[in-house]
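Every number in this text was worked out from the coordinates using simple rules, so none of it is lab data. The structure displayed is predicted, hence computed values, not measured ones. Note that each Cβ is placed from the backbone with ideal geometry, even for glycine, and that neighbours are counted across all protein chains shown.
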Amino acid sequence: MCGICGVWNYRTHQPVDQDVLRRMTEVIQHRGPDDSGLYVDDENGLGLGFRRLSIIDLSPAGHQPMCNEDSSVWIAFNGEIYNYQDLRPDLEARGHVFRSRTDTEVIIHSYETYGSACVEQMNGMFGLAIWDAREHHLVLARDRMGKKPIYYYDDGSRLLFASELKAILADPSVPRELDWIAVGEYFTLGYVAGARSIIKGVRKLLPGHTLTVQRDGTTLRRYWDWLPAFHNVDAHRSQQEWVATLRELLTDAVRRRMISDVPLGAFLSGGVDSSAVVAAMAGLSSQPVKTFSIGFTEPRYNELDYARQVAQRFQTEHHEMIVEPESIQDLLPLLARQYDEPFADSSALPTYYVSKMAREYVTVCLSGDGGDEACAGYERYVQMLRESLIDRVPQTLRLTALAPAAMLPSGTPGRRMARRLMFDQDRRYGTAMRMNAPDDLERLLTPETYRRVGNDGVSAVLANTQRAKGLDLLSRMQYADGVVYLPDDILVKVDRASMLNSLEVRSPLLDYRFLELMAAVPPAMRIVHGEGKHLFKQALRGIIPDSVLDRPKMGFGVPLEIWFRDDLAGFARQILLDPRTLQRGIFSREGVEWLVRSQSAGSSQFSQQIWNALMFEHWCRIYLDAA
């Protein structure tokens, strides 16, 4: 795993400011502490920066930026290509000469043969930049599901890009102006979705896309989309046939992700997905698998007993850690800086700690990320399918019956569900994804801020459920999660937390072949009698303990409602009611006081909103106040 950045003055061809390029590279040192490199082409006004975390071919031959034989093509590459050994023989047969064992060099020669379409042959995770001096263009590319990030800033004369937003902001000429639509998405969803970033003018390259930059313009191309797989449902296979195919593909996906010249292990939450990955690793390894788990003192959030059962079943070398609330006050500023944009998924905390613990023993970890999206595991899927029964009631009658409950005061039991049931299926799902309802935001934010952000921060979710129009409800929800929630929340969480600790994380359940296979499973086999992941669990039956397969789903939650009522109550009040915070003009004093007071009085439903506000204020102090 690595970090990349670069600058191209594509209009003026003015030589790159190497001090700026060097600062950009140094800011992402945590992504690659083993080596660094710069390539500068003064004639074309281009510069590439690179930080290396050595995983495959630890020799100096893996140094980047890397070029082809005649130095006409240069690459800065972050990620891993799991099928590079399959691609190499064909390239060698075409006359390409290799100087290393790296997957990076495979990409270079593949690009020489196929152009930017070379990414369509790659099975992996990547964010990469290729400078083609012959064609005078720069190609940026991101993997299919968005495991590796790319931010870019184009002012009409030059392009800056980087693995992390903070590297772009290392150039002092980039204005730090808030994108208010992105602010609205953050306060609604807890993260900034899609191509926007929190900084106006800075964009994110979307998953499965390439961006080709030339002197006369840019071309954005989508080279892969999960959607077609949902239209290719295979209703003819028996469950037994599905199970056999699923097991075979899972094993192959894990095998490919175990290729490494450095020690590797696995995150083990005690859930179905991470347990499945550990089981496959144990079957492929001649040595005990190193596993790492995080727990809490609060029993309702502690999964360590389940993780121990799996560790014992597969005789892993197991390591555990308990997260305490006292450490959070010091960790919050660190996370706010590392995540680049305001990020309110509180499971970033245990993800950071499990990454830090794992890095003491290994350089690479496998995880179960993607299993809920691929195999229909979220409880909200089951809930939405149940709620869809109300669609049999004519909408006018439904609106009349639900209106009284929908008008109840905020926080009243049943009010939020009543409002959701008044909508159509797509809007209902978007509403279910909200962290803050519009009237909660109206209370929390100042009138001016609320006017600026608007009240429809779920537009990215809606756009993708509607893009999947014609599919069944479950498939529409899975697809929307796969292109919004997964890349912009789950994968951001894991990438930033792990890379802060210089740890590479690989996700076998996000192998695009596995995703396409699971999308082709009939919906009636994905969720059966209210049980999510039905087919996946059937494939694992007899392999991992039944107690893990049949346990209630917990997720990777954090006991915020307990912490903010006890240990962290004073901390939240101190930060959010600080004059420095209120003078910013984002939060309403009355709204903050109501929120903190309600939480202290025992109302657990507002803990996530407090966390949301705390993360935003810490981000402002680091990225706006220090500018």
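Remark: the range 559-627 carries a charge dipole of roughly 140 debye about the Cα centre, counting +1 on each Lys and Arg Cβ and -1 on each Asp and Glu Cβ.
Extension gain, residue 330 to residue 577: 0.36 nm times the residue separation minus the Cα-Cα distance gives 87.1 nm.
The ranking of 161, 571 by Cβ neighbour count inside 10 Å, starting from the fewest, reads 571, 161. For residue 528, the amide hydrogen comes within under 5 Å of the amide hydrogens of 534, counting only partners 5 or more places away or on other chains and with H modelled in the peptide plane. For the range 433-464 versus the range 78-93, the spacing of their alpha-carbon centroids is 45 Å.
So I have (1) 1.07; (2) 0.99; (3) 0.96, and one of them is Rg/Rh (Cα atoms, Kirkwood Rh) calculated from this model. Which one is it? Computed from these coordinates, Rg/Rh (Cα atoms, Kirkwood Rh) corresponds to label (3). Ordering 365, 2 from the fewest to the most neighbouring beta carbons within 10 Å gives 365, 2.
Computed about its Cα centre, the charge dipole of the range 167-254 is approximately 280 debye, with only Lys, Arg, Asp and Glu carrying charge at their Cβ. Counting only Cα atoms, the size of the range 559-627 along its three principal axes is 38, 23, 17 Å, in decreasing order.
Between amide H atoms placed 1.01 Å from N, distances below 5 Å from residue 295 occur with 321, 322, 323, all of them 5 or more places distant or on a separate chain. Can you give the local net charge around residue 504? Use residues other than it whose beta-carbon is closer than 11 angstrom to its beta-carbon, Lys and Arg +1, Asp and Glu -1. Counting the neighbours of residue 504, the net charge comes to +4. Taking the alpha-carbon centroid of each part, what is the distance from the range 270-338 to the range 358-388 in angstrom? One Cα centre to the other: 14 Å. In terms of packing, defined here as the mean over residues of other Cβ atoms within 10 angstrom, the peptides 338-345, 435-442 line up highest first as 338-345, 435-442.
In order along the range 580-590, the Karplus-derived 3J(HN,Hα) couplings, from 6.51 cos²θ - 1.76 cosθ + 1.60 at θ = phi - 60°, round to 4, 5, 5, 5, 5, x, 8, 9, 7, 4, 4 Hz, and Gly and Pro are given as x. Taking other Cβ atoms within 10 Å as a rough exposure proxy, 529, 109, 13 sort from fewest to most as 529, 13, 109.
Each 5 Å bin from 0 upward holds the following percent of the Cα-Cα pairs of the range 404-456: 4, 20, 25, 24, 18, 8, 0. Counting Lys and Arg as +1 and Asp and Glu as -1 over every other residue whose Cβ lies under 12 Å from the Cβ of residue 40, the net charge comes to -4. Extension gain for residue 284-residue 236 works out to 14.2 nm (0.36 nm per residue, less the C-alpha to C-alpha distance).
Taking every C-alpha pair closer than 8 Å and separated by at least 6 residues, the mean separation divided by the residue count of the chain gives a relative contact order of 16 percent. With unit charges on the beta carbon (Lys/Arg positive, Asp/Glu negative), name the residue among 29, 270, 100 whose Cα is farthest towards the positive pole of the charge dipole of the chain. Of 29, 270, 100, it is 270.
Suppose we take every Cα in the range 178-263 and form the convex hull; what volume per residue is that in Å³?
Details: hull volume 20.1 nm³, N = 86.
Measuring per residue, one finds 233 Å³ for the Cα hull of the range 178-263.
The charge dipole of the range 364-458, taken about its Cα centre with unit charges on the Cβ atoms of Lys, Arg (+1), Asp and Glu (-1) only, comes to about 420 debye. Spread over its residues, the convex hull of the C-alpha atoms of the range 514-562 is 126 Å³ per residue.
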